[in-house]
């Protein structure tokens, strides 16, 4: 903080945006500026998104005919494992925190940088190292266990590169922990004068909850994967019953991490939507404190629901009953958030720009994903639906329909701030609509397939399921176009887009009070926060204006 | 949303300032609805844990990548399950290698099949017909080939099928031979009557009437002898020491195949106290 004060007078003369402050490779690769690190992460996860997406496209291509388009089941199993591992650990988990989060946390707090800028850079290097290890595993032959690495298949029976893939995920975990720790300390220590906890935007609260999960849950994954590797390399009996291990132990440990992990994926998305909905309704966020505490409640309860992945796995009746009711409880805060967004839009002045279109798409798809979650939380229904395409569809509605839509919503919303350029609005809206249509065509048929009993992870299937599979695969092509569009027009806008003003959306929040793109130092002088969050003018004022 | 679009000059009235009442109302409403769903789902689920005692037991062994089914009469089939309608069926399932999952979507049931454990699954079929049977837990390369069919038939037809596919000997009968071959009879006696009364000098507990009866273990706990208990006694005897006997039973882990184990257990189950006399 003291740095900011001392250097402040210089800014007015220099006023260098972070993008033009040094253009050598070195100035990017050794930067400690949170904004540049965010850009590095943007580049990295974009690559992984399209690697994982290509695998998904091949999986859907294979399923067009019942006997499978790709000759061998071996290839198919490796493809969906690649898709799962890359998308979960190298896109969904880091997506919002390391890109938008990295960029915005200091800006929203009125700080100069994160608390530990060098740790932040280390987090990116760890992430890149992890990614390279995983890509190595994939290129030398791949993994065929699914992203869940269930034992004893992964520890004893699989003849694929499990250890390398697991090592990559293990390293990526340290990147997550570093980022989480950095955010927690930053939010505690670097808030601008006047920025009390209840004046923080919900996005920061969401990232705070996410960071707590990063720090507390990821070590469990690390231990589990280490034990898995030990069993695979040294034949130490932990999970394989023929070595004296317990076959279910792995699932308990794995889901103890991986259920909080799905909230690591979705909580930042919920935060993004909580910023966009008020901004494009020109109205305060309805029930601010409820939304805030729902994020915290989700983070806490998410640690207590892992057993709902194991209702048919051979756990006891009583544990299943407890986990079922807790799964319903964890769904309540998510439902409250949806109600509050609708409450925010009610009687607002809604503008349908691309970020808002993505946000509305998010609310619809996330709600569908959430409601179908209630089906699988019901014990008896789960017995039928577990391990089928119903679960695949449910997960993708929350993660792709929800999380990826939220990522795109946030990306468009903050694009003027990040790049200093406006994206082409009509293209943006077209992209949002195409993704929505393509997504539903891809995944809605999978609900029906699951209900009819088609098992997941099948390379071939009985012919009566073909029509729905063809529909789903057709949807994938539309979805692929939808995802390629933003890559095209956002890149175009970097060079030819209209210059953005400091606050093109008329939004509140400190990040909109500095230049677009921001100065390297973020703010000319440390801002003081006087107003409550989402301080949009009351309806009477706006109405007169209209 | 369309109604309140930015361009519309519809009257927004005065905004509600106090939100907590609305918040509390929809929180409670959501909780109540969810609780109702929970009870509904749980009630049906609990029934899956309560098989009728007279259920017809059929044995299922999963392995990479096929289902092996064994009937009480010794009939065996692969990737197919024949069963009678109108009668409760209980599957006793285990795996030779990785975790599989036995699933029949038409009956709305599935359960994981674990190595080293016996998991059970019960159901009753009302309509004769042919239904899909899937493995629904990723089990390796041939996962998708691990499917087959369930053929439900009327009781007489089922009886007919059993006779046509009749094995030379029942599971229990085959188990008796194995009981001799693996040397079990050396200590537990030729008819499983127990070491102390037979010609053997080694004190070993009697196995007659063991199945379904309470057993006191060395740590004082009492458990009911079921399939899994007998299995553990054979493979992991150190974990299942019966009170009053010295720890002499060797482990047979890795020596007896899953199929032979089922036969031996079937034989032990067939030993009733009356049979001794």
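For the criterion of being in contact (Cβ under 8 Å) with a residue 24 or more places away in the chain, touching a helix residue (DSSP H, G or I) at 6+ places or on another chain (Cβ under 6 Å) and over 18 Å from residue A:438 (Cα atoms), residue A:361 fails. Scan segment A:478-485 and give yes if some residue there is in contact (Cβ under 8 Å) with a residue 24 or more places away in the chain, buried (at least 24 other Cβ atoms within 10 Å of the Cβ) and in a helix (DSSP H, G or I), otherwise no. Yes, segment A:478-485 has at least one match.
Which residue is surrounded by the fewest Cβ atoms within 10 Å (Cβ to Cβ), if the candidates are limited to segment A:125-164 and must be farther than 25 Å from residue B:117 by Cα and within 14 Å of chain B (Cβ to nearest Cβ)?
Initially, segment A:125-164 is screened for residues farther than 25 Å from residue B:117 by Cα, giving A:125-143, A:160-164.
Subsequent filtering for residues that are within 14 Å of chain B (Cβ to nearest Cβ) retains A:141-143, A:160, A:162.
Values: A:141: 13, A:142: 20, A:143: 26, A:160: 21, A:162: 23.
Applying the filter and picking the extreme gives A:141.
Given the condition away from chain B (no Cβ under 14 Å), buried (at least 17 other Cβ atoms within 10 Å of the Cβ), touching a residue at least 12 places away in the same chain (Cβ under 8 Å) and part of a helix (DSSP H, G or I), answer yes or no: does some residue in segment A:492-499 qualify? Quick ask: steps written out before the conclusion?
Let us first name the residues in segment A:492-499 that are away from chain B (no Cβ under 14 Å), namely A:492-499.
Filter once more, keeping what is buried (at least 17 other Cβ atoms within 10 Å of the Cβ): A:493, A:497.
Narrowing the set further to residues that are touching a residue at least 12 places away in the same chain (Cβ under 8 Å) leaves A:493, A:497.
Add one more test, that the residue is part of a helix (DSSP H, G or I), and what stays is A:493.
Within segment A:492-499, one or more residues are away from chain B (no Cβ under 14 Å), buried (at least 17 other Cβ atoms within 10 Å of the Cβ), touching a residue at least 12 places away in the same chain (Cβ under 8 Å) and part of a helix (DSSP H, G or I).
Listed by position, the strands (runs of 3 or more DSSP E) contained in segment B:41-124 that have at least 2 residues being surrounded by fewer than 19 Cβ atoms within 10 Å (Cβ to Cβ) and within 14 Å of chain A (Cβ to nearest Cβ) form an empty set. When A:225, A:181 are checked against the criterion of being away from chain B (no Cβ under 14 Å), closer than 22 Å to residue A:269 by Cβ, touching a residue at least 60 places away in the same chain (Cβ under 8 Å) and part of a helix (DSSP H, G or I), a single residue qualifies: A:181. Residue A:34 meets each of the listed conditions (1) modelled with pLDDT under 90; (2) closer than 30 Å to residue A:526 by Cα; (3) surrounded by 15 or more Cβ atoms within 10 Å (Cβ to Cβ) apart from (1).
Inspect segment A:89-107 for any residue being without any contact (Cβ under 8 Å) to a residue 40 or more places away in the chain, farther than 18 Å from residue B:138 by Cβ and under 18 Å from the mean Cα position of the chain (by Cα) and give the result as yes or no. No - not one qualifying residue is present in segment A:89-107. Evaluation of residue A:277 against the conditions (1) touching a residue at least 60 places away in the same chain (Cβ under 8 Å); (2) more than 19 Å from the chain's Cα centre (by Cα) shows that the sole unmet condition is (2).
So, residue A:112, is that one in contact with a strand residue (DSSP E or B) (Cβ under 6 Å, 6 or more places away or on another chain) and either crowded, with 20+ Cβ neighbours inside 10 Å or more than 28 Å from residue A:236 (Cα to Cα) (or both) or not? So residue A:112 fits the description; yes.
Please state which one of A:513, A:446 is buried (at least 19 other Cβ atoms within 10 Å of the Cβ), more than 14 Å from chain B (Cβ to nearest Cβ), within 27 Å of the chain's Cα centre (by Cα) and touching a residue at least 12 places away in the same chain (Cβ under 8 Å). Explain how you work it out, then say what you get.
Values: A:513 fails: buried (at least 19 other Cβ atoms within 10 Å of the Cβ).
Going through A:513, A:446 in turn, the sole match is A:446.
Restricting attention to segment A:309-332, the residues being within 11 Å of chain B (Cβ to nearest Cβ), part of a helix (DSSP H, G or I) and touching a residue at least 40 places away in the same chain (Cβ under 8 Å) number 6. As a summary of the residue check, residue B:237 satisfies the conditions (1) surrounded by 16 or more Cβ atoms within 10 Å (Cβ to Cβ); (2) touching a helix residue (DSSP H, G or I) at 6+ places or on another chain (Cβ under 7 Å) except for the one numbered (2).
Residues are listed down the side, and each one gets a yes or a no for (1) closer than 20 Å to residue A:199 by Cβ; (2) surrounded by 24 or more Cβ atoms within 10 Å (Cβ to Cβ):
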| position | (1), (2) |
| --- | --- |
| A:232 | no, no |
| A:235 | no, no |
| A:243 | no, no |
| A:249 | no, no |
| A:252 | no, no |
| A:270 | yes, yes |
| A:275 | yes, yes |
| A:278 | yes, yes |
| A:287 | yes, no |
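A count restricted to segment A:110-154 and to residues that are more than 17 Å from residue A:87 (Cα to Cα) and in a loop (DSSP other than H, G, I, E, B) stands at 12.
The values are calculated or read from the model by the stated rules, or taken from the named source; none is laboratory data. Predicted, not measured: the structure shown is a model, and the values here were computed from it. Because the Cβ atoms are built from the backbone with ideal geometry, glycine has one as well, and the counts that use them run over all protein chains shown.
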